[in-house]
Amino acid sequence: MTRRTRQPSQLGQVTAPFPPLFRTTSISEYYTDFDGATEYARIDADVFNFTRFQSWSFSWWMRKTGGGITQIAGRQLNASPFPGWAVICRSGAIAVTLTNTHTTNMIEVRSTGFTFFTGSWKMGLVTYNGSGAASGVQIYAGQLVSGVPTFSNVTGSIITDNLTASIQNATSRFSAMARYDTVNGAAAFTSEDLADVRLFPGRVLDAVEGTELYAAGRMLDNNDFVHGDDCDLWWRMGDGDAGDSYDSNTIADNSAGENDGTTVALAQADALLGAGTGAGTWPERAA
């Protein structure tokens, strides 16, 4: 996994009618390049094991450089019947799944009119309102359209809407860039550039709030976001810097120590979800 720094942003500055730019770190200044073969990240703590009746929002910045299926993040068991929830990039579209049993008892909603497979930085936001139905899923995307920064609802097809049972499981863990659980390890590794992941349990962000996250044209510091207090996880990829003006904690790269990250949320206990501070396995990069 390679740390990349200070490369020109492909997104550029976002101008009116979007909100003013915030003083913060650019998207392309810090990001993690996953190799697609052995690298992934996970949180060892038993968190984000949502029920089908819990609402949540998840946002990220990603530069997709390959085709195929990418599990951006989620908590889904790496074994049949694959219970859990996940945000997936499938052939350039975004898919949101909430699963008890794959295909026969699940929700799957995909985006339309939007593709991540362009090699440029794009921001995504998905929300789920806890209704237990596919209609409760919304998918948003931030991208340049004919050179104009655009944030829009790209919710498309309901692929499956037959969820009637629990999506929870005790063994999987929240992970990025691979499906992971404590029994079977990781699978479906992906090779993409990921810069920013942010999770809001119990909060359904709307288009205005999503636009604020996108309109910075870069990673908006959590204490600059109007709903930062609702964010239980912010993981800024590739950023091991200490001494920031906001509360930050270093996450060590367990393989080489060259791709440390920073997690920022409320207080330290909230940011690290009780898993401790400094070097360790929150989250862990395996290779």
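Tabulated results
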{"item": "Spin-label pair residue 91/residue 159, simplified geometry with 7 Å Cα→Cβ offset, distance in nm", "result": "0.9 nm"}
{"item": "Cβ crowding within 10 Å averaged over residues, with 183-196, 117-130 ranked highest first", "result": "117-130, 183-196"}
{"item": "Gain in span if fully extended, residue 227 to residue 208, counting 0.36 nm per residue against the direct Cα distance", "result": "5.7 nm"}
{"item": "Extended-chain gain in nm, criterion 0.36 nm per residue less alpha-carbon gap, residue 104 and residue 35", "result": "21.6 nm"}
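Every read-out reported here was derived from the displayed coordinates using simple, explicitly stated rules and does not represent laboratory data. No experiment lies behind these values; they were computed from the predicted model shown. Neighbour counts are summed over all protein chains in view; Cβ atoms, including those assigned to glycine, are modelled from backbone coordinates with ideal geometry.
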